[in-house]
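Below is one structure, written out as structure tokens; the observations come after it.
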């Protein structure tokens, strides 16, 4: 089956954000695990989170302008529902995790340094109890994002190697040679 492909810009955003989110999750784990590298990792984590937040907004606009190709007509209804639900959850988490991180840092009155003197303004007033709650929420949402990311990867690989229905190829950066 020859599947329709996502436009090149959509594919670029997808793969760029996949790499950024995966890097961000490992940086977050490294921040928790290493006191020696904490500040260095944090200096990467904050602007990368802001970049992800901006890019997910760009992706949503792009998705409205360039809707995704249709799923295969013979795909079972439960898989269609799972595909749409998982994409909705991915987008929600890609927004929620950085927004909660920004809110968390605002509640602690920590600056969100983008580069040099460039900082984001706080979005919440300082509140230690709110900071503690948002910190836990940020961790839970990040772990949920990682779980959904892994489920998405597993589904993509299943489409590529088991179903071979063109779904994976529609987002692949390059076309596979016909066997």
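Before moving on, here are some points about what is shown:
- Among (1) touching a strand residue (DSSP E or B) at 6+ places or on another chain (Cβ under 6 Å); (2) at pLDDT below 95 - the single one residue 70 does not satisfy: (1)
- Count of residues meeting criterion [under 29 Å from residue 40 (Cβ atoms), touching a helix residue (DSSP H, G or I) at 6+ places or on another chain (Cβ under 6 Å) and touching a residue at least 40 places away in the same chain (Cβ under 8 Å)] in the stretch 83-120: 11
- Filter result (in contact (Cβ under 8 Å) with a residue 12 or more places away in the chain and under 15 Å from residue 167 (Cβ atoms)) within the stretch 63-73: 68, 69, 70, 71, 72
- Residue in the stretch 123-135 that is touching a residue at least 12 places away in the same chain (Cβ under 8 Å) and under 30 Å from residue 4 (Cβ atoms) present: no
- Filtered by the rule that a residue be surrounded by 21 or more Cβ atoms within 10 Å (Cβ to Cβ) and over 15 Å from residue 48 (Cα atoms), the stretch 99-113 gives 104, 106, 107.
- Check on residue 42, free of Cβ contacts under 8 Å to residues at least 40 places away in the same chain, in contact with a helix residue (DSSP H, G or I) (Cβ under 8 Å, 6 or more places away or on another chain), within 25 Å of residue 159 (Cβ to Cβ) and surrounded by 13 or more Cβ atoms within 10 Å (Cβ to Cβ): no
- Members of the stretch 45-82 that are over 16 Å from the mean Cα position of the chain (by Cα), over 20 Å from residue 8 (Cβ atoms) and surrounded by 12 or more Cβ atoms within 10 Å (Cβ to Cβ): 71, 72, 75, 79, 80, 82
The values are calculated or read from the model by the stated rules, or taken from the named source; none is laboratory data. Just so we're clear, the structure is a prediction, and the values are computed from it rather than from any experiment. Counting neighbours? That spans all protein chains shown, and the Cβs are built from the backbone with ideal geometry, glycine included.
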